[in-house]
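Chemist: What follows is a structure written as structure tokens; I'll ask about it next.
The values are calculated or read from the model by the stated rules, or taken from the named source; none is laboratory data. What you see is a predicted model, and the numbers here were worked out from it, not measured in a lab. Neighbour counts run over all protein chains shown; Cβ positions are idealised from the backbone, glycine included. Calculation scope for accessible area: heavy atoms of the full protein, side chains included, ligands and nucleic acids excluded. Shrake-Rupley method; radii C 1.70, N 1.55, O 1.52, S 1.80 Å.
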Amino acid sequence: RAMIDDPVGVTPELWSTMAELGWLGVVAPESVGGLGLGLVDVVVLQEELGKLPFPGPFVSSALGATLAATRLGVADELVADLVSGAKRGTIAVEEPGHGDPLGSIRTTAKPDGDGYLLTGTKPLVLDGAGADWALVVADDGEGLGTFLVESPAGEPVPGLDVTRKLARLDLQGRPARRVGPAGDHSAIWRRVVDDLDVALCAELVGTSERALELAVEYAKVRVQFDRPIATFQAIKHKAAEMLHHVELARVGTHYAAWAADTDSPERERAVAMCKGYAGEAAVAVTAESIQIHGGVGFTWDVDCHLLYRRAKQDDLLFGSQGWQRQRLASLLLD
């Protein structure tokens, strides 16, 4: 709660501690000081961070920027400072529209001397105001390319989730440098977005689990009609359904993480199923937690609304549940 009004969302001391513990380098290659682990390991961290919900730039920098730079082959240049906590990076992908997050990109890049000039707007960049650099996805005429923008200095914008920092990145005439291999980067970014979706699903599992815990704890001590409301059948049914949602989302997330780490042929289907269900489940569980709390659940006296905000925003990030179901249908039919 103290970090809600903080521009970064995390204290320098905590960020340094996370670096010392290796969290900031969990998916970074060992060659740049990282742990070189996979999404199964990320799930462990994300489930715990989701219970808070954590307000700092872990998803944007330690996961998004690190995964993208590694997949693009520029980890040696960019990632070491992220692992140590000396710098923070982010990615600028999504633009206005719905459906495929890579299908609505309208930002363009045109050659300008030794670099490029970008034209467009990224209205929703995680931690885009405080990041030291951003990897921007733009159309360079040959498909999607990746462009490094130093000191993006995005304009902070409010979001439903008050614990997560969002920024609007105006790229009109912004100089940038193309990074990564030659050719179209669509396949690279598809994999980065998929891996991020799995990480967000793990966060949603943690958020849902905490919402369930709060609801059960409250139901045991809230007395109505001379007995705890936990003894009412209606409350028991709600709690059982919430647990059902949490555990199904957990199984789907763990499976998707394993499929990603092993490059299973089922990876894309697993990700689509995971993000399509975990978002819906988390929104339902956190909403029911508010209902079990009754009137106080709508107030700042409890954390229910903070968990609901995180669940709803994660559901929409990098491909909402509706598009994920449509994608899954296409994968199955194909």
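Chemist: Express in Å², to the nearest 10, the accessible area of Glu241 obtained by rolling a 1.4 Å probe over the protein heavy atoms while all chains stay in place.
Modeler: Number for this one is 110 Å².
Chemist: Quick one: net charge of Glu30's neighbours, Cβ under 14 Å, K/R +1, D/E -1?
Modeler: Every neighbour counted, the sum reads -2.
Chemist: Give the accessible area for Leu72 in Å² (nearest 10); use a 1.4 Å probe, count only protein heavy atoms, and leave out ligands, DNA and RNA.
Modeler: Leu72 exposes around 10 Å² with every protein chain in place.
Chemist: Also: At a 1.4 Å probe radius, carbon and sulfur cover how many percent of the accessible area of segment 102-203?
Modeler: Values: 2010 of 3880 Å².
That share works out to 52 percent.
Chemist: Between exposed trypsin sites (Lys or Arg not before Pro) in the chain, where DSSP calls loop and at most 12 other Cβ atoms lie within 10 Å, what's the longest gap? Walk me through the numbers on the way to the answer.
Modeler: Details: sites that count: Arg1, Arg106.
After excluding every exposed loop site, the longest remaining stretch is 107-334.
Chemist: Under a crude label model (7 Å from the Cα following the beta-carbon direction), how far is Ala2 from Asp263 in nanometres?
Modeler: A separation of 4.6 nm, rounded to one decimal place.
Chemist: Which lysines, on any chain, are close to Lys238 with Cα under 27 Å apart, when same-chain ones fewer than 8 places away are left out?
Modeler: Reachable lysines: Lys51, Lys220, Lys275, Lys312.
Chemist: Sort Ile188, Ile292 from largest to smallest accessible area, using a 1.4 Å probe on the heavy atoms of the protein chains. Let's see the in-between values first.
Modeler: Numbers: Ile188 35, Ile292 10 Å².
Descending accessible area places them as Ile188, Ile292.
Chemist: Tell me which chymotrypsin sites (Phe, Trp or Tyr not before Pro) from segment 201-280 have a DSSP coil assignment and no more than 13 other beta carbons within 10 Å of their own.
Modeler: Numbers: sites: Tyr218, Phe225, Phe232, Tyr255, Trp258, Tyr277; in loops: Phe225, Phe232.
Here the chymotrypsin sites (Phe, Trp or Tyr not before Pro) that fit, given the DSSP loop and packing criteria, are Phe225.
Chemist: Between rounded, prolate and oblate, where does segment 35-158 land on the alpha carbon gyration tensor, with a ≥ b ≥ c its root eigenvalues, rounded for a/c under 1.5, else prolate if a/b exceeds b/c? If you can, show how the numbers build up before the last one.
Modeler: Working: a/c = 1.73, a/b = 1.45, b/c = 1.19.
Since a/c reaches 1.5 and a/b is larger than b/c, the shape of segment 35-158 is classed as prolate.
Chemist: Heavy atoms only, 1.4 Å probe, whole protein assembly: order Ser84, Ser208 by accessible area, highest first. Mind showing how you got there, number by number?
Modeler: On the way: Ser84 70, Ser208 5 Å².
From most exposed to least exposed: Ser84, Ser208.
Chemist: Filter the chymotrypsin sites (Phe, Trp or Tyr not before Pro) in segment 285-334 down to the DSSP loop ones having no more than 11 other Cβ atoms within 10 Å, then list what survives. Working shown, then result.
Modeler: Details: sites: Phe298, Trp300, Tyr308, Phe318, Trp323; in loops: Trp300, Phe318.
In loop regions of segment 285-334 (DSSP not H, G, I, E or B), the sparsely surrounded chymotrypsin sites (Phe, Trp or Tyr not before Pro) are Trp300.
Chemist: Can you sort Thr253, Thr108 by solvent-accessible area, 1.4 Å probe, largest first? Working shown, then result.
Modeler: Numbers: Thr253 0, Thr108 45 Å².
My answer, sorted largest first, is Thr108, Thr253.
Chemist: May I pose another question? Amide H neighbours of Leu124 under 5 Å, counting only residues 5+ apart in sequence or on other chains, H built in-plane at 1.01 Å?
Modeler: Distant-sequence amide H within range of Leu124: Leu169.
Chemist: May I pose another question? Going Cα to Cα from Lys165, which aspartates and glutamates come in below 15 Å? Please leave out same-chain ones fewer than 8 positions away.
Modeler: Here the aspartates and glutamates satisfying the reach criterion relative to Lys165 are Asp5, Asp6, Asp127, Asp132, Glu155, Asp314.
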